[in-house]
Amino acid sequence: MNKYSVFSLVRNAMSYHENWQKAWRSPDPKKEYDVVIVGGGAHGLATAYYLAKECGITNVAILEKGWLGGGNTGRNTTIVRSNYLWDESSAIYEHAMKLWENLSQDLNYNVMFSQRGLLHLAHNVHDMQEIGRRGHAIHLNGIDSEFLTPEQVKEIEPTINLDCRYPVLGALLQRRGGSARHDAVAWGYARAADDMGVDIIQNCEVTGFDIQDGVVKGVETSRGHIGAKKVGVVTAGHSSVMANMAGFRMPLESFPLQAMVSEPLKPVINTVIMSGAVHVYLSQSDKGELVVGAGSDNFVSYSQRGSFDMMDHIVGPLKELFPFTSRLRMMRQWGGIVDVTVDRSPIITKTPVENMFFNCGWGTGGFKATPGSGNVFAHSIANGELHPIAAPFTMNRFNTGALIDEGAAAAVAH
Amino acid sequence: MLVIKCPFCGERDQTEFTCHGEAHIARPENPDELTDEQWGDYIFFRQNIKGYQYERWSHDHGCGRWFNALRNSVTDQFVDTYKIGEEKPAIPSDEGK
Ligand SMILES: Cc1cc2nc3c(=O)[nH]c(=O)nc-3n(C[C@H](O)[C@H](O)[C@H](O)COP(=O)(O)OP(=O)(O)OC[C@H]3O[C@@H](n4cnc5c(N)ncnc54)[C@H](O)[C@@H]3O)c2cc1C
Ligand SMILES: [Zn+2]
């Protein structure tokens, strides 16, 4: 792999940028792999990368039915933070945060990780109690968070309207929170994994599993049978569909979640802003577009569209909080299918089928966890036992009752 | 915007309704005797079908009553709605792709 650097940029400029090496190969599938990863989103790609890098398993294929990052990875509003309530969540999201902080160097790929700070607005007494409780819990876990007064919020975001219909009473700030470039995360992991020998196979849909005596032996795909000693399924909104193919059910429901972007503006929004109570979350991309996220529909759908009224629901609060947006034109709107659990925490788990592992249930908020999720999932697959950080997230918790209830910290889609 | 037919009120706007997930899941009659495994399955595990699925809905901002629906989760098209206790309609033969 040619290293990306300022020197390679100059060298390639000399030849009019016509001789850049391909970022990854597109090989035909082999007969068998040590590990097959189903789903070429960022979580699947990160899993393959850490399998090769940290677990020494390079005979790995990623099978993606469409194109890399074409699922929720390329559709999300890219909010990154680690300020969740429970210890189990702190452990996994902070593990991810630490990996984010060095990811561009690690992958030799600029993922445009920007720790511009993240504001969680409080609009009523309950909100104030929630950020109080969560802020202190986060402190106890050694994760940064600060309480802000409305005046301090105004200093950071001068365009905000504090005296809106549901006035801003305070905020929780995580300075290390921010955002990253979603496509770059997928492409960076893909390029680095490919370099270590991982086969990335796009346009290859898994249509069934080859299961013998309760042990997975391979996958059936649109490009034929592919043998596998172990299978890791990382298909987000389609996880139930995959589980149904393998003969079991998941504690999941799949809902459309929408977002939209505005026409580009000069820099005006400095941080990432989230509000659970009035329900809107936004940031400004490096291109200048405001990236605004909506809520999820409340009925199961695989339509990748979302309901009109959900768009309506965020435009109101957006205009209330930032009156300057009232004449802003929205350029694009889209939906992704998110896999939601009742406790709003992910599932990293073994399954009733031996050697088959699932990583799913990240729902409306898994982008931020990408490096951590891929990392602990890789170790779990390699060892055949869940990594200690992953262990609480086993699917079994829905039978034992040991739920990790992040409803308050995660009920707003982000 | 979807138009949904309440079996009691007729066609109304989607925003008047709430979906309550998979229908026809019978509450076990012997909860005391169930294992954690069985109880968890009943409470949390769902088919989450890509295609035709039977669902419970309520007409919250209307008559307030609950009913069932058969809907295609890929196209979002409602095949039919029916009252609780009525026989469920058959799944159309195109297999809902
Ligand atoms: C509008 C929106 C906004 C969001 N905002 C945020 C946010 O601000 N912050 C945050 O942290 N999270 C956010 N999320 C959630 C986040 O996007 C997801 O949790 C995360 O991207 C999941 O990554 P993934 O790699 O698991 O899934 P995906 O990127 O969806 O990858 C799964 C892949 O599996 C493939 N696949 C499915 N079935 C098959 C098959 N049969 N065979 C082969 N391949 C298959 C799909 O094509 C897809 O590419 C948002 C989501 C949406 C939709
Ligand atoms: Zn009615």
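The values are calculated or read from the model by the stated rules, or taken from the named source; none is laboratory data. Here the structure is a predicted model, which is why all the values come from computation and not from measurement. Don't worry about glycine lacking a Cβ; one is built from the backbone with ideal geometry, like all the others, and counts go over all protein chains shown. Accessible surface areas use protein heavy atoms only, side chains included; no ligands, DNA or RNA. Shrake-Rupley method; radii C 1.70, N 1.55, O 1.52, S 1.80 Å.
Before moving on, here are some points about what is shown:
- Counting heavy atoms of the protein chains alone, B:Asp32 has an accessible area of about 150 Å² for a 1.4 Å probe.
- Ranking by accessible area, most exposed first, for A:His126, A:His379 with a 1.4 Å probe: A:His126, A:His379
- Computed from the C-alpha gyration tensor, the three semi-axes of the ellipsoid equivalent to segment A:179-310 are 36, 22, 12 Å, from longest to shortest.
- Extending 7 Å from Cα along the Cβ direction at A:Phe147 and again at A:Phe324 yields two label points whose distance is 3.0 nm.
- Counted charge near A:Ile79, where neighbours are those whose Cβ lies closer than 12 Å (Asp, Glu -1; Lys, Arg +1): +3
- Based on the convex hull around the alpha carbon atoms, segment A:1-66 presents an average projected area of 6.0 nm².
- Ranking A:Met97, A:Met330 from most to least accessible surface, computed with a 1.4 Å probe over the protein chains only, gives A:Met330, A:Met97.
- Euclidean distance of C-alpha centroids, segment A:120-159 and segment A:335-366, integer Å: 29 Å
- Positive-end extreme of charge dipole, chain A - chosen from A:Gly288, A:Ala180, A:Pro388 (charges on Cβ): A:Gly288
- Crossing angle, helix A:182-195 versus chain A [Cα axis fit, 0-90 degrees, rounded to tens]: 30 degrees
- Judged by a Cβ-Cβ distance under 4.7 Å, the unpaired cysteines of chain B are B:Cys19, B:Cys63.
- Ordered from longest to shortest, the equivalent ellipsoid semi-axes for segment A:116-263 are 45, 20, 16 Å, each the square root of 5 times a Cα gyration tensor eigenvalue.
- Cα-only Debye scattering, segment A:239-337: base-10 log of I(q)/I(0) at q = 0.11, 0.13, 0.23 Å⁻¹: -0.40, -0.52, -1.17
- Long-range Cα-Cα pairs in segment A:53-177 (distance over 19 Å), rounded percent: 62 percent
- Candidate aspartates and glutamates for bridging to A:Lys229, where Cα separation is under 13 Å - those fewer than 8 sequence places away on the same chain excluded: A:Glu32, A:Asp34, A:Asp210, A:Glu354
- When A:Arg329, B:Arg71 are compared by accessible surface with a 1.4 Å probe, the order from highest to lowest is A:Arg329, B:Arg71.
- Here chain A carries DSSP beta bridges of which approximately 70% are antiparallel, counting only pairs with both residues inside.
- Computed Rg/Rh of segment A:272-396, alpha carbon atoms with Kirkwood Rh: 1.07
- Overall dimensions of segment A:354-404 as given by Cα atoms, namely Rg and Dmax in Å: 11.2, 29
- Pair-distance profile P(r), taking every C-alpha pair of chain B, with 5 angstrom steps and integer %: 3, 12, 22, 20, 18, 13, 8, 4, 1
- Overall, the protein assembly as shown carries a charge dipole of about 1440 debye about its Cα centre when +1 sits on the Cβ of Lys and Arg and -1 on the Cβ of Asp and Glu, all other atoms neutral.
- Here segment A:25-159 is treated with +1 on each Lys and Arg Cβ and -1 on each Asp and Glu Cβ, and its dipole about the Cα centre works out to around 480 debye.
- Relative to the current alpha-carbon distance between A:Trp334 and A:Gln129, full extension at 0.36 nm per residue lengthens the span by 70.4 nm.
- Taking every DSSP helix (H) stretch of at least 4 residues in chain B, weighting each as -39,500 (n - 2.57) and dividing the sum by the residue count yields a mean residue ellipticity at 222 nm of -2500 deg cm²/dmol.
- The calculated 222 nm mean residue ellipticity attributable to helices in chain A amounts to -8500 deg cm²/dmol, summing -39500 (n - 2.57) over DSSP H runs of n ≥ 4 and dividing by all residues.
- Positive contributions from Lys and Arg (+1) and negative ones from Asp and Glu (-1), summed over other residues with Cβ under 11 Å from the Cβ of A:Asn108, come out at 0.
- The translational diffusion coefficient of chain A, from Stokes-Einstein at 20 °C and 1.002 mPa s with a Kirkwood hydrodynamic radius over alpha carbon pairs, comes to 98 µm²/s.
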